[in-house]
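Asks: Have a look at this one before I ask anything.
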Amino acid sequence: MSLIEGRTLGEVRRPLELDTDVVIVGSGASGAVVAAELAEAGQKVVILEEGPHLAPAELARMRPSETMRKGWRESGMSFTVPMGDTPAINLMVGRCVGGSSVMTGGVCFRTPDHILNEWVSELGLSGLSPELMTPYFEEVERRCHIELVPEHMRSRSTVLYGQGAERLGYSLAPNHRNTKDCDGCSRCNFGCPHGAKWSVDLTYLPRARAAGAEVFSDALVEKILLHGDQATGVSGRLLDSEGKPGRRFVVRARRVVLACGGMHTPRLLQDSGIAERLSAVGEGLTLHPSMRVMARFDEPVYGWRGALQSAHSEAFIDERITLMSVFVPTGVLAATLPGIGNSHKRRAEMAPYLAVFGGMIHDDPGGRVLSRRSPLGFLLGKTEPVVTYRMSQRDRQAVSRMLRILAETFFAAGAREVFLPILGGPPGFPESGLTADELRRVDLDKIPSQRFECASQHPLGSARMGLSADDAVVDQRGQVFGLRELFVVDSSILPTSLGVNPQVTVMAMATRLAHQLRERSLPIRM
Amino acid sequence: MARGNPLEICYFVCVFFRIDGEACLGGCALGMLLPMPSSKLVRTERALRVFSETLFSTESGPPPPERITRVVEDAAALLAATTQKTRRLFQLCLFVMMWVAPLFVRRGPGLWSLPLPTRVAALEAMERHPTGAALVLAVKAVLCILYYEQPEAAVQVGADPPCVPGVRKSLPVLVEGVS
């Protein structure tokens, strides 16, 4: 049996009980990697995924909003709670078999060397040097068919931006993506309708399945079972077709591996009483806050024709800014332009003439996943965790700088006007885009941060790796401090933000940890 | 029509003038403590209809009713897939627009009771206000995604019809053996 849909098992009243060697919570970029490696090493593996299984054929039939509803957490409507001078950040995270890897733009970067060197030299994580990590990057790249996006697949939107960049003295580099035979229909974020994106549901999970692993969808894990200081399994509820918790399940395991991501791994540790022993659980979250600027050209752009994310620029990496090509659906373009009624229609008709380019900040750790046991977590986070985020001053300055770079580059490319992601428009320009002269008159540093539209797809570092339980949650082997047989392998263990899309980093780290785990003998069953 | 209670009103008055994390948390916490009336979803759908008709109207009036109905049904389905926290925040955004937007054009509360051109003017004025813009965008984003998914609406603004081709790859997908 390969994939068992939890919703089909809900009729029976008695709890579902399973015994296995290793239970993995989460089937995304890290959980799938560990599952494949351990199952192929001969271990009996059960993977529990809270979300449904969305096969490519099903994704192909879905409208984007249906994918949002079925495959994104909170239908894509999660927001951080801003603390102080900080924007509310829209958190978009996948919730399906394959996790966020199904919903990414497919952009793949190795962890930058300067980040790995920082982890080694400043945090003492000696196993994460560029030399030691290289074989893991290579393995992930081979298995996920990571390739360069050819120039002919760039959208006109990206080409125009690239021309502007050249005129200003910097350039775009092609992205690497985990794709094969991509048609460039620009809807990667809603699941590839062609099966051209090699997300883990098409690569690692079939390997795990072929080696005997069982994948359960619609299975919400609520608690880690402990016997003294040893993890012995997990318990939770199967979800019905409407996502409501039903039949209970218990999975007893000799080893427990958490792979539920930067928001839910800390949540599970908190709910299981483990956070009380480790003060770093849920703390230090980074998000890579990202924004986009739209620009109107005289010529038709049809920015949705081409690869969604085909090129980037690291020209401003020293300022902690990575620029990235992107596009958004017509509906999102129309929504973020001002106007109601006729004025909305007039602006929506500009969609074919709009180019879009974005960027992300290599941010400081300003986020926090609130425990359900905290007063506000109890009141607000009954089902989904509450995430607060306080943007540092230097990140806020980087936001202003990034928006100005994006806008000026579009003007260098010949844009007529630009639309900045500022709610209610920049001061003095509430209704329209900005010309180049008007942009020069706007002081972006003085705009309250709450007025920026901001998004994140990369919650990282909320159960970070380190040398001591004083300021970290897991050691270099991914084992939770003070507990035996409990491991974390997902994006929450990353010690800092990266400044680049984290998919390959997460998968390479998971590969490294899985190789260590398969060499480590399993304990006697409790 | 979307209606609130005194605690919700207090929350939005507080948020309207100073939106920040602490205020949001306090207001949300109060909101979460309130019981959810059973008729809330019906009222939400009515408010979504009023907002959609206004947002997508042209010189010739609102779009055909069947298009608005599809948007409202899809929005209700999208909301139904979220947790109570998100649903309630979205409903509160709707509620405050229904009641507060008319004040921007010096009319009494109740957006639904105004003629269409006045509704348009009220929401436009609210959208120009920094905090009002956040509330309008929250609802507008959802409705625009749903509206422009409709091929006829997309084509009207010059966009390509949605790309939804069939699967053409023979990858080792996980579908076979689903039980």
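All of the numbers you see were taken from the coordinates with simple rules; none came from a lab. It should be emphasised that the depicted structure is a prediction, and the values quoted were computed from it without experimental measurement. Cβ coordinates were reconstructed from backbone atoms using ideal geometry, including for glycine residues, and neighbour counts include every protein chain displayed.
Asks: Can you pull the one-decimal nm distance between simple spin-label points at A:ARG13 and A:LYS446, each 7 Å off the Cα toward Cβ?
Replies: According to this spin-label approximation, the distance is 7.0 nm.
Asks: A further question follows. Once you order the gyration tensor axes a ≥ b ≥ c over the Cα atoms, which shape class does the stretch A:284-402 get: rounded for a/c under 1.5, otherwise prolate or oblate by comparing a/b with b/c?
Replies: The shape class here is oblate.
Asks: I've got another one for you. Restricting to Cα pairs below 8 Å that are 6+ residues apart, what does the relative contact order work out to for the stretch A:457-526? Please round to a whole percent.
Replies: 28 percent
Asks: Mind checking which of A:GLY461, A:PHE419, A:PHE429 is farthest towards the positive end of the stretch A:407-468's charge dipole, using Cβ charges of +1 (Lys, Arg) and -1 (Asp, Glu) about the Cα centre?
Replies: Working it through, the farthest residue towards the positive pole turns out to be A:GLY461.
Asks: Nearest-5 percent of antiparallel DSSP beta bridges in the protein assembly as shown?
Replies: Values: 54 of 83 bridges.
Taking every DSSP beta bridge with both residues in the protein assembly as shown, the antiparallel ones total about 65 percent.
Asks: If one takes the longest principal axis of the Cα atoms in chain A, at what angle in degrees, from 0 to 90 and to the nearest 10, does the Cα axis of helix A:393-412 lie?
Replies: Taking Cα atoms only, the helix is inclined about 50 degrees.
Asks: Can you compute the charge dipole magnitude of the stretch A:66-138 about its Cα centre, using +1 on each Lys and Arg Cβ and -1 on each Asp and Glu Cβ, nothing else charged? Give it in debye, rounded to the nearest 20.
Replies: It works out to roughly 520 debye.
Asks: If I measure Cβ to Cβ between cysteines in chain A, which ones have no partner under 4.7 Å?
Replies: Lone cysteines by the Cβ rule: A:CYS96, A:CYS108, A:CYS144, A:CYS182, A:CYS188, A:CYS192, A:CYS260, A:CYS454.
Asks: Let me ask something additional. Using only Cα atoms, what Kirkwood radius does the protein assembly as shown have, in angstroms?
Replies: About 25.6 Å for the protein assembly as shown.
Asks: Per residue of A:79-89, how many C-beta atoms from partner chains lie within 10 Å of its own C-beta, taken as a mean? All intermediate terms of the calculation are to be shown ahead of the outcome.
Replies: Numbers: counts 4, 1, 6, 7, 5, 3, 1, 2, 1, 6, 0.
Per residue, the number of nearby Cβ atoms from other chains is 3 on average.
Asks: Here's something else I'd like to know. Using Cα positions and a limit of under 24 Å, work out the lysines in reach of B:LYS140, with same-chain residues fewer than 8 apart set aside.
Replies: A:LYS70, A:LYS345, B:LYS40, B:LYS85
Asks: In whole Hz and in residue order, list the ³J(HN,Hα) couplings for the stretch A:444-454 that follow from phi through the Karplus curve 6.51 cos²θ - 1.76 cosθ + 1.60, θ = phi - 60°; x for Gly and Pro.
Replies: Computed from phi, the couplings for the stretch A:444-454 are 5, 5, 8, 7, x, 4, 4, 8, 8, 7, 8 Hz.
Asks: Using only the alpha-carbon atoms, how far is helix A:503-519 inclined from the longest principal axis of chain A? Give it as 0 to 90 degrees, nearest 10.
Replies: 10 degrees
Asks: What is the spin-label model distance, in nm, from B:VAL155 to B:THR69 if the labels are put 7 Å beyond Cα along the C-beta direction?
Replies: For B:VAL155 paired with B:THR69, the spin-label model returns 2.1 nm.
Asks: Would you tell me the mean number of C-beta atoms belonging to other protein chains that fall within 10 Å of each C-beta in A:62-70, as a whole number?
Replies: Mean shielding by partner chains, rounded to a whole number: 5.
Asks: Only helical DSSP H runs with n ≥ 4 go in: add -39500 (n - 2.57) per run for chain A, normalise by residue count and round the 222 nm mean residue ellipticity to 500 deg cm²/dmol.
Replies: Taking each H run of at least 4 residues, the total per residue is -8000 deg cm²/dmol.
Asks: To the nearest 20 debye, what charge dipole does chain A have about its Cα centre, counting +1 at the Cβ of each Lys and Arg and -1 at the Cβ of each Asp and Glu?
Replies: 1180 debye
Asks: OK, next. Less than 14 Å Cβ to Cβ from A:ALA307, Lys/Arg counted +1 and Asp/Glu -1: what total charge do the surrounding residues give?
Replies: Local net charge: +3.
Asks: Rounded, prolate or oblate: which one fits the stretch A:129-183, using the alpha carbon gyration tensor with axes a ≥ b ≥ c (rounded when a/c is under 1.5, else prolate when a/b beats b/c, else oblate)?
Replies: oblate
Asks: Gap in Å between the Cα centre of the stretch A:48-66 and the Cα centre of the stretch A:74-108?
Replies: 17 Å
Asks: Sticking with this one: Helix A:156-168 versus the longest principal axis of chain A: what angle, 0 to 90°, nearest 10, using Cα atoms?
Replies: 70 degrees
Asks: Whose amide H sits under 5 Å from the amide H of A:SER78, counting only residues 5 or more places off or on another chain, with H placed in the peptide plane?
Replies: Correct list: A:LEU91.
Asks: If you don't mind, another one. Quantify how strongly other chains surround peptide A:323-332 by giving the mean number of their Cβ atoms within 10 Å of each of its Cβ atoms.
Replies: Values: counts 0, 0, 0, 0, 0, 1, 7, 12, 15, 4.
Neighbouring Cβ atoms belonging to other protein chains average 4 per residue here.
Asks: In whole Å, what is the distance between the alpha-carbon centres of the stretch A:382-441 and the stretch B:86-159?
Replies: Taking the Cα centre of each part, the stretch A:382-441 and the stretch B:86-159 sit 22 Å apart.
Asks: Could you work out how much longer the chain between A:ASP113 and A:LYS180 gets when fully extended? Use 0.36 nm per residue separation minus the Cα distance between them, nm to one decimal.
Replies: Separation in residues times 0.36 nm, less the Cα-Cα distance, equals 21.4 nm.
Asks: Additional query: Shape call for the stretch A:380-421 from the C-alpha gyration tensor, a ≥ b ≥ c root eigenvalues: rounded (a/c under 1.5), prolate (a/b greater than b/c) or oblate?
Replies: On the way: a/c = 5.85, a/b = 2.31, b/c = 2.53.
Because a/c hits 1.5 or more and a/b fails to exceed b/c, the stretch A:380-421 counts as oblate.
Asks: Related question: R0 = 22 Å: FRET efficiency of A:ARG518 with A:GLU138, Cβ-based, nearest 0.05?
Replies: Numbers: r = 18 Å, r/R0 = 0.83.
The computed FRET efficiency comes out at 0.75.
Asks: Considering only C-alpha atoms, what is the centroid distance from the stretch A:303-352 to the stretch A:248-279, in Å?
Replies: Here the two parts' Cα centres lie 38 Å apart.
Asks: Here's another thing I want to ask about it. For A:LYS223, give me every one of the lysines with a C-alpha distance below 19 angstrom, ignoring sequence neighbours fewer than eight places off in its own chain.
Replies: Of all the lysines, those that pass the test against A:LYS223 - Cα under 19 Å, at least 8 places apart if same chain - are A:LYS244, A:LYS382.
Asks: Further question on the same structure: Which part of the stretch A:314-350 falls in the paramagnetic zone of A:GLU166, meaning amide N under 18 Å from the point 7 Å along Cα-to-beta-carbon?
Replies: Only A:314-315, A:325 pass the distance filter.
Asks: Extension gain A:GLU222-A:ARG394, at 0.36 nm per residue separation less the Cα-Cα distance, in nm?
Replies: Details: separation 172, 0.36 × 172 = 61.92 nm, distance 3.76 nm.
Gain on stretching A:GLU222 to A:ARG394: 58.2 nm.
Asks: Any idea what the dipole of the stretch A:412-488 comes to, in debye rounded to 20, about its Cα centre with Lys/Arg Cβ at +1 and Asp/Glu Cβ at -1?
Replies: 100 debye
Asks: So what's the net charge close to A:GLN270: Lys and Arg +1, Asp and Glu -1, counting the other residues with Cβ under 12 Å from its Cβ?
Replies: My count for the surroundings of A:GLN270 gives +2.
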